Amino acid sequence: MTSSTATQINEPGLKKATRKEWLGLLVIALPCMLYSMDLTVLNLAVPQLSADLHPTSEQLLWIMDIYGFLVAGFLITMGNLGDRIGRRKLLLIGAAFFGAASLLAAFANSAETLIAARAVLGIAGATIAPSTLSLISNMFQVPEERTKAIGLWALGYAAGGALGPLAGGILLQYFWWGSVFLIAIPVMVLLLLTGPKLLPEFKDPNARKLDLLSALLSLISVLLIIFGLKEIATYGISLMRIAAILGGLLVGYIFLRRQEKLADPLIDIALFKIPTFSASLTLYGVGCFVMFGSFFFTYQYMQLVLGLTPLESGLWALPSFAGFMLGATQGPAMLKLLPPSKLIASSLVFAIIGFVIIARLDANSSVIWTVVAMFFTSIGFAPVVTMATDLVIGSAPPERAGAASAISETSAEFGGATGMAVLGSLGTAIYRATMFKQNFDGVPEASVSNATQTLGAAVNEAALLNQAEGNVLLNGAQQSFLSGMHVSAWVSVLMLVVLIALALTKLGKVRTEEKIMA
């Protein structure tokens, strides 16, 4: 056998899943979809809520970012809390708060109220990923079934990311901005009604008291790092933002040193000594780095270079969801032909093809080529999510599944935030450097100065000029943006090549016995 996923179904002591478990998987996939939708759906509502609530620029930033900040900050704590009080109990508590906060957000009459509601949504959302993933490890004991279940679980997140802009666009076409939050309420009610009947309860029988100082240190560390990365991605590098990241790293170091001394740590450092666990975690995190970094460019490219509306961009992105669905559901079946190391490596080749296409796009390219590129990146990344997550969970003992799930999702959050910050900053730097080299004779100097900030600013400035001047400014800005996008795509290709080497060398001898003793 090459991995836990290759274990035979009739292995002694393992119980095959019944209809109840598969129905339970459907129930827990729905909140996963909503969790993902809430990360993107609000972007389309910004103009309407800004006109209604009149937030300051700082308040708008907090409205947009506080959800993701608190999700990332509380994942580790919630994963451990679920191991202690019960994973089903924590999921249901989180669902109740998520539904209540969604209702509050939908009818918020001030920016402060909306920020508070989004904060509660973030804390409640942090219960979803580790609780659902660790429940899957209990519900599906047969490795082959667990791998398939994790693929469907990942599909829920992909569906939320794909359907978020589409659903938001449709709702905002006919209703007020708060309607985007009401989608969550019927789903959470369904989870609260069916969860106690379809989902098993599991917790660590030897759980000890949660170390509150460790929880606080992990929260501060994650928040500072994510905040610094997101600020750099949005506004560029500054001393304050670098200090935030360095401060977060310092607090993270103190946190890890404390874990080594505790009898019952928040993060079991021994997990990272398992080759399968650490290699799979790296694959998942760096994979998210590359994929989320590409999102920074592709959606801007479709709207600001090709001229598509947000709704049109969402519709053209649907084939990429189909690619993710195909990769997530059919990837596990390929384990009958290939071991996890070769399957992941082969899948990443498809992702490389997608990024090579992105590196060749220009202002005259058909949108079809963008769709093809996104399809290839999705079908290539989906098996990595499924296989890497399965290997992370499968390499940890059952009573630590919640903590392992939280570490896995925190790695994804860090990877995604870092990808947008690093690749986004790289693209922005190249955009600005290229803009300074462009010839904008005849275009007002103030317009050129404003346009050098972002492509979005350039589009706005071009609309204020006469047609001839506007075309000169817009064409130059689009070419500068494409230069940054192309460099980012080639950097992504290089990183994917490194991941292929990591998969082949570090996962080539995955063993079922690579587990921590309880």
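The values are calculated or read from the model by the stated rules, or taken from the named source; none is laboratory data. Nothing here was measured: the structure is a model prediction, and the numbers come from that model. Cβ: placed from backbone, ideal geometry, glycine included. Neighbour counts: every protein chain shown.
Observations, loosely collected:
- Residue pairs meeting the criteria (Cβ under 8 Å; at least 6 apart or on separate chains; first loosely packed, with under 12 Cβ neighbours inside 10 Å, in region 5-32; second in a helix (DSSP H, G or I) and at pLDDT 80 or above): none
- LEU171 being in a helix (DSSP H, G or I), out of contact with any Asp or Glu (no Cβ under 7 Å at 6 or more places or on another chain) and modelled with pLDDT of 80 or more: no
- Any hit, region 262-270, residues being buried (at least 21 other Cβ atoms within 10 Å of the Cβ) and in contact (Cβ under 8 Å) with a residue 12 or more places away in the chain: yes
- Residues of region 414-462 that are of a type in the set (Ser, Thr, Tyr) and touching a residue at least 60 places away in the same chain (Cβ under 8 Å): THR418, SER425, THR428.
- So VAL305, is it in contact (Cβ under 8 Å) with a residue 24 or more places away in the chain, buried (at least 23 other Cβ atoms within 10 Å of the Cβ), over 23 Å from ALA382 (Cα atoms) and outside the structural domain of SER218 (by TED's automatic domain parsing): yes
- For region 433-449, residues that are assigned to a helix (DSSP H, G or I) and crowded, with 16+ Cβ neighbours inside 10 Å total 4.
- Each residue in region 331-356 was checked for being touching a Leu at 6+ places or on another chain (Cβ under 8 Å) and modelled with pLDDT of 90 or more, and 4 pass.
- Residue among ALA328, ALA359 that is under 28 Å from MET302 (Cα atoms) and modelled with pLDDT of 80 or more: ALA359
- Candidate set: region 463-487, residues that are small (Gly, Ala, Ser) and in contact (Cβ under 8 Å) with a residue 24 or more places away in the chain; chosen: the one surrounded by the fewest Cβ atoms within 10 Å (Cβ to Cβ): ALA468
- The residue of region 100-114 that is modelled with the lowest pLDDT, among those that are under 25 Å from the mean Cα position of the chain (by Cα) and surrounded by fewer than 21 Cβ atoms within 10 Å (Cβ to Cβ), is ALA106.
- First in region 488-505 and closer than 17 Å to PRO383 by Cα, second anywhere and part of a helix (DSSP H, G or I) and modelled with pLDDT of 90 or more, Cβ under 6 Å, 6 or more apart: LEU496/LEU348; LEU496/ALA351; LEU496/ILE352; LEU499/LEU348; ILE500/LEU348
- Once region 419-428 is narrowed to residues that are modelled with pLDDT of 80 or more and farther than 19 Å from ALA363 by Cβ, the residue that is surrounded by the most Cβ atoms within 10 Å (Cβ to Cβ) is LEU423.
- Positions within region 95-144 being small (Gly, Ala, Ser) and closer than 26 Å to THR389 by Cβ, in sequence order: ALA95, GLY122, ALA124, GLY125, ALA126, ALA129, SER131, SER134, SER137
- Some residue of region 267-287 being at pLDDT 85 or above and over 21 Å from the mean Cα position of the chain (by Cα): no
- Matching helices (runs of 4 or more DSSP H) fully within region 51-133 where at least 3 residues are among the basic types (Lys, Arg): 87-106
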